[in-house]
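Derivation of every value follows stated rules applied to the coordinates shown; laboratory data play no part. Please read all numbers here as calculations on a predicted model, not as lab measurements. Backbone-built Cβ (ideal geometry, glycine too); neighbour counts: all protein chains shown.
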There are 2 protein chains.
Amino acid sequence: MLTKTEENYLKTIYSLELLHSKNVNTTLIAKELKTRASSVTDMLKKLADKDLVNYKKYQGVKLTLNGKNIAVKIIRRHRLWEVFLVNKLHYNWDQVHELAEQLEHIKSDTLTDKLEAFLNYPEFDPHGDPIPNKDGDITHHKNNMLSSVAINNNYVIIGVKDSSSAFLKLLDSVNLKIGSTVKIISKEEFDSSMVIESNQNSFSISHQTSKNLYVKKI
Amino acid sequence: MLTKTEENYLKTIYSLELLHSKNVNTTLIAKELKTRASSVTDMLKKLADKDLVNYKKYQGVKLTLNGKNIAVKIIRRHRLWEVFLVNKLHYNWDQVHELAEQLEHIKSDTLTDKLEAFLNYPEFDPHGDPIPNKDGDITHHKNNMLSSVAINNNYVIIGVKDSSSAFLKLLDSVNLKIGSTVKIISKEEFDSSMVIESNQNSFSISHQTSKNLYVKKI
DNA sequence: ATAAATATTTAGACTTGTCTAAATATTAAA
DNA sequence: TTTAATATTTAGACAAGTCTAAATATTTAT
Ligand SMILES: [Mn+2]
Ligand SMILES: [Mn+2]
Ligand SMILES: [Mn+2]
Ligand SMILES: [Mn+2]
């Protein structure tokens, strides 16, 4: 049985692999987990001993199939708990991540599946992230951000890339949510901000905002 | 913030205090937590430093008000999660204790209260144990066991003292549950077993069984 | 291709919670 | 009330996960 710490390393390595494709390096993991490179090295050796990562000195790491499966399982638990917290306990979407960080480590073969059934097999978490199924299959978002999409067409927001509380509260304040329809009215060359139309009114959003919104053409 | 281990010590000391009234001794705690007396001594010093127990060498411990409040809070979380697992996720009552042992350590000021509301403010957990309210008030069961109660009267089962899976499955097999009505038909002097009537049929139960059932006269 | 900058690993130490073995207290028995 | 049994504490050690400082490797720049 893995410790909470080991699980968190696996999850972090998994998400870094998604971003970078090549081997994940020590420093990145350290930064992500707010720990030191030397601590990461120690842990990578342990994970390698357990056949969860392939590790060669100075070469960074890559998850083994084994390690990847476990990482996906933890992400599945995390996202299902987030759905529970928002849909059933009525938390706001900016308040659930830290709680899910704890809940994802509850060890049970049956709990995740029962929770999933109770929630009616949701496909996405409150931030639009896809929930892996029981077999670990997961379809990731295309990198289709509002920042890089054509003007004057209708799009629907399908996810947020940054799910920090600060960003989510900003979205709340302009009433943008998963499922909202948006149309780009104009772009500003100077700072890449844009005026968009949504919910029958139009307003300006920063580049920082638009590049963190996954959209799909309607 | 307390560690999971510290929380488990507090919870254990609390339940031992309920049984024994005087100071709880090192050996008992060690047995209950399946650890060694020397480990317990170490921890008692730490808990005393944090003003959670009163500890004097060789004299055992007693929870401070502070420690007691925390213990009750953990018990509250444990029992609410058990209700969730049985009522919402449809676990059987013999399968939820170990999971609740994990869930009770999720740290959140709001989660317990939201969960309680979601479950419609249950007063008892699936084993009939009372759930402390938000202020930590709790009314414990009177020690009214089926084993020591008059013959030929009607009682209702309000709780189980032992909530091991083995015992709960035995109760399932004879269809005895919280809320079941029972009447003692006869007692056997030799082994203190008794024949009882419940659900329109009568059968024999051991002393071991009857002394683990809390009942209330109808 | 050598030097400088950056990344990574090693060495040694600390904390938490645990253990065994030995020392000391308390309690029960004779 | 002295001895024997039992309970408790201390001493010293270990594993997990972390840290700082120092040693090595790798990468980048000149
Ligand atoms: Mn999250
Ligand atoms: Mn986590
Ligand atoms: Mn329980
Ligand atoms: Mn516990």
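Taking the beta-carbon count within 10 Å as an exposure proxy, list B:His97, A:His78 from fewest neighbours to most.
The fewest-first ordering by Cβ neighbours comes to B:His97, A:His78.
Would you calculate, for the protein assembly as shown, the mean residue ellipticity at 222 nm contributed by helices, counting each DSSP H stretch of 4 or more residues as -39,500 (n - 2.57) and dividing by all residues, to the nearest 500? All intermediate terms of the calculation are to be shown ahead of the outcome.
Working: 16 runs with 168 residues, N = 436.
Result for the protein assembly as shown, helices only: -11500 deg cm²/dmol.
Considering every residue in A:115-124, what mean count of other chain Cβ atoms within 10 Å of its Cβ is obtained? Working shown, then result.
Numbers: counts 4, 0, 2, 4, 0, 0, 0, 0, 0, 0.
If you average over the peptide's residues, the count of other-chain Cβ atoms is 1.
Among the listed pairs A:Lys73/A:Lys177; A:Lys68/B:Lys114; B:Lys161/B:Lys217; B:Lys161/B:Lys216; A:Lys114/B:Lys11, give every one whose C-alpha distance is greater than 23 Å. Write out the running numbers ahead of the final one.
Values: A:Lys73/A:Lys177 27 Å; A:Lys68/B:Lys114 34 Å; B:Lys161/B:Lys217 17 Å; B:Lys161/B:Lys216 14 Å; A:Lys114/B:Lys11 28 Å.
Exceeds cut-off: A:Lys73/A:Lys177; A:Lys68/B:Lys114; A:Lys114/B:Lys11.
Note the distances from A:Asn175 to each other copy's matching label point, with points 7 Å along the Cα-to-beta-carbon direction, in nm, sorted shortest first.
For A:Asn175, the inter-copy label distances come out at 5.8 nm.
In cubic angstrom, how much convex hull volume per residue do the alpha carbon atoms of chain A span?
139 Å³
Rounded to the nearest whole Å³, what is the per residue volume of the convex hull around the Cα atoms of segment B:153-199?
Details: hull volume 4.1 nm³, N = 47.
Spread over its residues, the Cα hull of segment B:153-199 gives 88 Å³ apiece.
Relative to the other copies, what are the label-point distances for B:Lys211, with labels 7 Å from Cα along the C-beta vector, expressed in nm at one decimal and sorted shortest first?
7.3
I'd like the FRET efficiency for A:Ser15 and B:Asn23, computed as 1/(1 + (r/R0)^6) with the beta carbon distance as r and R0 of 51 Å, rounded to 0.05. Each step should come with its number before you reach the end.
Details: r = 50 Å, r/R0 = 0.99.
So, using R0 = 51 Å, E works out to roughly 0.50.
Taking the Cα atoms of segment B:4-63, report the difference between the largest and smallest coordinate on each principal axis, in whole Å and largest first.
Principal axes ranked by extent give 25, 22, 21 Å for the Cα atoms.
Note down the relative contact order for chain B as a percent, whole number, built from C-alpha pairs under 8 angstrom at least six residues apart.
Value for chain B: 15 percent.
How big is the gap, in Å, between the Cα center of segment A:39-111 and the Cα center of segment B:23-81?
Value for the Cα centre distance between the two parts: 32 Å.
Please report, in whole Å³, the volume per residue of the convex hull around the C-alpha atoms of the protein assembly as shown.
Values: hull volume 90.2 nm³, N = 436.
Given the Cα convex hull of the protein assembly as shown, per-residue volume reads 207 Å³.
Percent relative contact order of segment A:4-63, based on C-alpha pairs within less than 8 angstrom and at least six residues apart? Don't skip to the end; give the middle numbers.
On the way: 57 pairs, mean separation 20.6, N = 60.
Relative contact order here is 34 percent.
Across peptide B:105-114, what mean number of C-beta atoms from other chains lies inside 10 Å of a residue's C-beta? Walk me through the numbers on the way to the answer.
Details: counts 3, 6, 3, 7, 0, 5, 6, 0, 1, 5.
Whole-number average of other-chain Cβ neighbours for B:105-114 is 4.
Which distances in nm, rounded to one decimal and ordered from shortest, link the label point of B:Glu188 to the equivalent label points in the other identical copies, with labels set 7 Å from Cα toward Cβ?
Its label point is 8.8 nm from the equivalent points in the other copies.
Counting other beta carbons within 10 Å of each Cβ, put B:Lys46, B:Lys56 in order, fewest first. Walk me through the numbers on the way to the answer.
Values: B:Lys46 15, B:Lys56 10.
Ascending Cβ contact count within 10 Å gives the list B:Lys56, B:Lys46.
For a footprinting-style exposure proxy, rank B:Val61, A:Val86 by other Cβ within 10 Å, fewest first. Before the final figure, lay out each step's value.
Numbers: B:Val61 25, A:Val86 17.
Fewest-to-most Cβ neighbours within 10 Å comes out as A:Val86, B:Val61.
Show which aspartates and glutamates lie in cross-link reach of B:Lys50 when reach means a straight Cα distance below 18 angstrom and same-chain residues fewer than eight apart are skipped.
Straight-distance partners of B:Lys50: B:Glu6, B:Glu7, B:Asp42.
If you average the alpha carbon positions of segment A:144-218 and of segment B:133-174, how far apart do those two centres end up, in angstrom?
A separation of 58 Å, based on Cα centres.
Hey, got the average number of other protein chain Cβ atoms within 10 angstrom for residues in A:91-103? The partial results should precede the final answer.
Values: counts 4, 0, 0, 0, 2, 0, 0, 2, 5, 0, 0, 6, 5.
That works out to 2 on average.
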